[in-house]
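Beneath this line is the structure, given in structure tokens, with notes to follow.
The values are calculated or read from the model by the stated rules, or taken from the named source; none is laboratory data. Source: prediction; values computed, not measured. Methodologically, a virtual Cβ is constructed for each residue, glycine included, from the backbone with ideal geometry; neighbour enumeration extends over all protein chains shown.
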Amino acid sequence: MELIDINEFAKVDLRVGLVKHAEHVPGSKKLIKIIVDIGSEERQVLAGLAEFYDPKDLIGKHVIVVTNLKPRRMMGLESKGMILAAGCGPEDTPVILTTLKPVKPGTKIC
């Protein structure tokens, strides 16, 4: 594993997001389209979680979002962020990272 310094880590913009809507991406076995409120706007994020989560169970959850990733197109849709999860190896079941208590959408993670 390569070590990074605090200045490199500071470039990653992590925010609390509130899931407003989630649905399966038609034609994909893995992707869920998630609309997440990050305070200043609502963003569409595609997450490879469909094998592990029912989209309706994500609605109303506070999640941790990387907000400054370059957009990426998948299955004809654009993803503008990444929802963080623990357990991302091929043998793991991902667990979405969340907050212990409700936090205002858009709050910066520090």
Check G60, G81, G48 and return the single one that is more than 13 Å from the chain's Cα centre (by Cα) and either surrounded by 16 or more Cβ atoms within 10 Å (Cβ to Cβ) or small (G, A, S) (or both). G60
Search result, residues across the range 1-19 that are surrounded by 15 or more Cβ atoms within 10 Å (Cβ to Cβ) and free of Cβ contacts under 8 Å to residues at least 60 places away in the same chain: V19
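Name the residues in the range 50-70 that are outside any loop (DSSP other than H, G, I, E, B) and of a type in the set (A, V, I, L, M, F, W, C), would you?
Those that are outside any loop (DSSP other than H, G, I, E, B) and of a type in the set (A, V, I, L, M, F, W, C): L58, V63, I64, V65, V66.
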Can you name the number of the only condition in (1) touching a Cys at 6+ places or on another chain (Cβ under 8 Å); (2) without any contact (Cβ under 8 Å) to a residue 12 or more places away in the chain that G76 fails? (1)
With respect to R73, determine if the residue is of a type in the set (K, R) and either crowded, with 16+ Cβ neighbours inside 10 Å or assigned to a loop (DSSP other than H, G, I, E, B) (or both). no
Pick from the range 22-47 the residues that are outside any strand (DSSP E or B) and in contact with a Pro (Cβ under 8 Å, 6 or more places away or on another chain): which of them is farthest from D92 (Cα to Cα)? G39
Residue hits (the range 28-45; surrounded by 15 or more Cβ atoms within 10 Å (Cβ to Cβ) and either touching a helix residue (DSSP H, G or I) at 6+ places or on another chain (Cβ under 6 Å) or of a type in the set (S, T, Y) (or both)) are S28, I32
Please indicate, with yes or no, whether at least one residue in the range 88-106 is in contact with a helix residue (DSSP H, G or I) (Cβ under 8 Å, 6 or more places away or on another chain), assigned to a strand (DSSP E or B) and modelled with pLDDT of 95 or more. yes
